[in-house]
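Working notes, beginning with the structure itself.
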Amino acid sequence: MTNEQRMKITNLRHQGYGYTAIANAVGLSKDSVKAYCRNHGLAGEVAAAHTLAEVFPDGCLNCGAPIIQRPKVKKRKFCCSDCRISWYKVNPDRLNLKAMYEYVCPTCGKHFSAYGNSHRKYCSNACYIAGRFQGGDGA
């Protein structure tokens, strides 16, 4: 380990980066970075950032919180799943439903649509039971 690597480890650790992010930035193993930090009193703090990725400038679409983007991973739009769910509840028109299928229930004749299931046959469990086990579609 060179003096330059030691200085870089110390600086990055004080900025709040984790062992893995520092190891990737310096070019050493995670265990080497961890051992150096423990020996020099830099351990014990929970790292604020786990990667050296840039923070998403616009933030979460729902709450505006900053988002840490990981390199080589699809860009995140939301900080957590709760924000994603609540944003799509408020903005259902922005949802891109490519796998929406339209059906007619063979038991009750009701028109219904199902998302993501191209083999659905009945509109509800009650219609399935009625059609399958009470003479409707039974085998």
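Inside segment 72-94, residues that are surrounded by 10 or more Cβ atoms within 10 Å (Cβ to Cβ), part of a loop (DSSP other than H, G, I, E, B) and not aromatic (Phe, Trp, Tyr) make up a count of 5.
Quick check, is Ala114 out of contact with any Cys (no Cβ under 6 Å at 6 or more places or on another chain), modelled with pLDDT of 90 or more and surrounded by 10 or more Cβ atoms within 10 Å (Cβ to Cβ)? No, not satisfied. Within segment 1-31, being part of a loop (DSSP other than H, G, I, E, B), open to solvent by 70 Å² or more (accessible area, probe 1.4 Å) and either aliphatic (A, V, I, L, M) or under 15 Å from Gly41 (Cα atoms) (or both) holds for Met1, Gln15.
Scanning segment 99-112 for residues that are farther than 15 Å from Cys127 by Cα and either of a type outside the set (Asp, Glu) or part of a loop (DSSP other than H, G, I, E, B) (or both) turns up Ala99, Met100, Tyr101. In summary, Gly44 fulfils each of the numbered conditions (1) part of a helix (DSSP H, G or I); (2) at pLDDT below 80 with the single exception of condition (1).
Residues in segment 113-131 that are in a helix (DSSP H, G or I) and in contact with a Phe, Trp or Tyr (Cβ under 8 Å, 6 or more places away or on another chain): Tyr128, Gly131.
The values are calculated or read from the model by the stated rules, or taken from the named source; none is laboratory data. Not measured: the values here are computed from a predicted model. Note that we place each Cβ from the backbone using ideal geometry, even for glycine, and neighbour counts take in every protein chain shown. When the accessible area is computed, the model is the full protein with side chains, heavy atoms only, and any ligands, DNA or RNA have been set aside. Shrake-Rupley method; radii C 1.70, N 1.55, O 1.52, S 1.80 Å.
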